[in-house]
Amino acid sequence: MDRALRDIWLLNFSTFFFFLGISVVNPIISPFAITLNATPFLVGLVAGVASVVSLFSKPIGGLIGDRGYRFQAMMAGNALGMLAGLLYITSALLGNLWIFAFARAIHGFSMGIFFPSSLSTAVDLAPEGRVGETLGWRGMMFSLGNIIGPALGGYLSDILGFVGAFSFTVTFSLVGLALVVPVWLDGRKAVARREERHEDVSYSELLRSYFVAASLALFFFSFSYAGIITYLPALYKVLGMPQSLFGFYMMVIGISSFVMRLVGGRSADRMGPIPVIRAGMLLVILGYIVLILYSLPPYSYASALLIGAGFGLSVPAMQLMALGNLPARIRTMGSSVYTMFFDLGMLGGQVTLGYVAGIRGYAGVFPLLPFIAGASLIIVHAPHILGGRKG
């Protein structure tokens, strides 16, 4: 196997295990907080801690990566994920909500350090003309984590309790760390190979219209998605349903997204990202409408199928739209800023929709989601509507 290809796939699998360590916790954040007597607003606040810290740590991750330490940043992210897992276990053993909130903060910091370098190396290592496809493969690793992690987390918490589920965060993060080490030790400068890295480029390049539009669209996209991953499991919990039901819901999203990621990336390479994002967002909006009509299993799984498919199409195309034309020298910071909008959207969704849930109940959150996603669909077309240019 070509060494560059080997490096790409080692980093892809590291990305898989890093996100697996996160996603195994996602379906039990709200139920665990509820067992510690958290109110609906506090459930959203605790869930949002990771997004807050990730948001503010992303520029640190970007600066580290743009100074040539991308592999080290990915290793540090996994190491912090292991620490977060140990703190999750401690919070479960002591029944302490504030230790759990601190663990969420550590996990958020790990995402801020890991994510920018993971995303920018995928763009830098991509073969010419196949950036969208390479992002699609990387995105499939993310989706595969979302297929296995939530279902595993739900079942493990039902069978082994919260401590058993949290312990897998430690294990998966350790594996993710080990996979980056051989690439780092290889000593190759593959991620810095492009001539653009030696150009005098400033961060003002991040004001390109396509980058700004993709980032704002991602904000509203994640704002709406926060309503699903935070308040659907809470709804199931208060109705006395087992946590594995939401784990299966997230598994359906993950499978559907996994199948469509490569399609979305390759299609964006051929026809440009905006038509692919448009198709994906329409599927997401349709999925939210189905969820409003059918919030409970088994019919709710139809919404998961649509949301996952839309997610799979949209995400690699959005990444290509935001990052594909940025100079390599600032691409890690670009990845940081772009993904900060995801965190900001998650935070806004978890906290703002938590206020809505406190007034209207958990199910009262869902009717707002199609309108929020609709804002994302409109914004992504702004460069065309306003006559913005690509580069």
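Some values worked out for this structure:
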| read-out | value |
| --- | --- |
| Residue check for P275: assigned to a loop (DSSP other than H, G, I, E, B) and in the same structural domain as G334 (by the TED database) | no |
| Single condition L320 does not satisfy, out of (1) farther than 17 Å from A234 by Cα; (2) open to solvent by 10 Å² or more (accessible area, probe 1.4 Å); (3) at pLDDT below 90 | (3) |
| Conditions (1) open to solvent by less than 30 Å² (accessible area, probe 1.4 Å); (2) modelled with pLDDT of 90 or more; number of the one not met by P297 | (1) |
| Matching residues, segment 168-184, being hydroxyl-bearing (S, T, Y) and surrounded by fewer than 19 Cβ atoms within 10 Å (Cβ to Cβ) | T171 |
| Condition met for L5 (assigned by the TED database to the domain that holds F172, modelled with pLDDT under 85 and more than 16 Å from the chain's Cα centre (by Cα)) | yes |
| A268 being in the same structural domain as G361 (by the TED database), more than 22 Å from Y210 (Cβ to Cβ) and not in a loop (DSSP other than H, G, I, E, B) | no |
| Entirely in segment 291-391, the helices (runs of 4 or more DSSP H) that have 3 or more residues that are over 21 Å from A268 (Cα atoms) | 300-323, 331-360, 369-379 |
| Residue in segment 249-258 that is without any contact (Cβ under 8 Å) to a residue 24 or more places away in the chain and closer than 16 Å to F221 by Cα present | no |
| The listed residue being part of a helix (DSSP H, G or I), modelled with pLDDT of 90 or more and open to solvent by less than 50 Å² (accessible area, probe 1.4 Å), out of L262, L235 | L235 |
| Residues that are aliphatic (A, V, I, L, M) and either open to solvent by 10 Å² or more (accessible area, probe 1.4 Å) or within 15 Å of the chain's Cα centre (by Cα) (or both), drawn from segment 123-150 | L125, V131, L135, M140, M141, L144, I147, I148 |
| Some residue of segment 238-245 being at pLDDT below 90, on the phi < 0 side of the Ramachandran plot and open to solvent by less than 40 Å² (accessible area, probe 1.4 Å) | yes |
| Matching residues in segment 176-225 - criterion: being outside any helix (DSSP H, G or I) and at pLDDT below 70 | G187, R188, K189, R193, R194, E199, D200, V201 |
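The values are calculated or read from the model by the stated rules, or taken from the named source; none is laboratory data. Remember, predicted model here, so these are calculated numbers, not experimental data. As a convention, Cβ positions derive from the backbone with ideal geometry for all residues, glycine included, and neighbour counts pool all protein chains shown. SASA here: full protein model, heavy atoms, side chains in, ligands and nucleic acids out. Shrake-Rupley method; radii C 1.70, N 1.55, O 1.52, S 1.80 Å.
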